[in-house]
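Peer 1: Below: one structure in structure tokens.
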Amino acid sequence: MLTQSELHEFETKLLARKAKIEANLNKTSTELDDIRELELNDEADYASISTDTAIDNAILEQQRQELAEIELALDKIKRGVYGTCEMCEEPIGKARLEVKNFARYCITCREVVEKNRLKG
């Protein structure tokens with residue numbers, strides 16, 4: 001079980017990561033809007049911009065997903081269930097939470113979830 005001090009530490013880390021992602025999403029969104037307003041001179045410009053935009057969109061989607069996971073973890077802290085595996089309801093190890101602050105599953109259950117995701 002995590003102490004109040006540890007919970008506060010994880011909450012601080014989650015809030016800092018959330019702020020960083022939100023700033024990055026806003027910046028990237030503005031850059032994409034700027035790109036859309038550019039007058040492209042030739043097909044090579046267009047191809048280059050299209051590839052960059054596709055990569056940016058993939059990164060944005062990954063960051064949106066991480067932001068949703070962070071929001072969920074912050075909500076769990078408020079409800080007093082942070083650090084508990086969603087599958088087996090056992091405590092998630094502190095070492096795992098240090099690596100992935102928004103972990104939803106213990107190591108054992110994460111492996112089960114990943115295998116099922118690959119099959120599905």
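Derivation of every value follows stated rules applied to the coordinates shown; laboratory data play no part. Everything numeric here is computed off the predicted structure, so don't read it as measured data. Positions of Cβ are backbone-derived with ideal geometry, glycine not excepted, and every protein chain shown enters the neighbour counts.
Peer 1: Determine Rg/Rh for the range 4-119; Rg is computed over alpha-carbon atoms and Rh is the Kirkwood hydrodynamic estimate from the same atoms.
Peer 2: When Rh is taken as the Kirkwood radius, the ratio is 1.14.
Peer 1: Kindly put LYS76, LYS100 in sequence by how many other C-beta atoms sit within 10 Å of each C-beta, fewest to most.
Peer 2: LYS100, LYS76
Peer 1: Label GLU66 and GLU89 with points 7 Å out from Cα along Cα→Cβ: what is the distance between them in nm?
Peer 2: 3.2
Peer 1: Below 27 Å, Cα to Cα, which lysines can LYS119 reach? Residues fewer than 8 away in the same chain don't count.
Peer 2: Partners found: LYS100.
Peer 1: Hey, another quick one. Order of CYS109, CYS88 from fewest to most other C-beta atoms within 10 Å?
Peer 2: So the ranking, lowest neighbour count to highest, is CYS88, CYS109.
Peer 1: Could you work out the helix-only [θ] at 222 nm for the chain, with each DSSP H run of four or more residues adding -39,500 (n - 2.57) and the total divided by the number of residues, to the nearest 500 deg cm²/dmol?
Peer 2: -26000 deg cm²/dmol
Peer 1: Sorted from fewest to most neighbouring beta carbons within 10 Å, what does the list THR30, THR84 look like?
Peer 2: The fewest-first ordering by Cβ neighbours comes to THR30, THR84.
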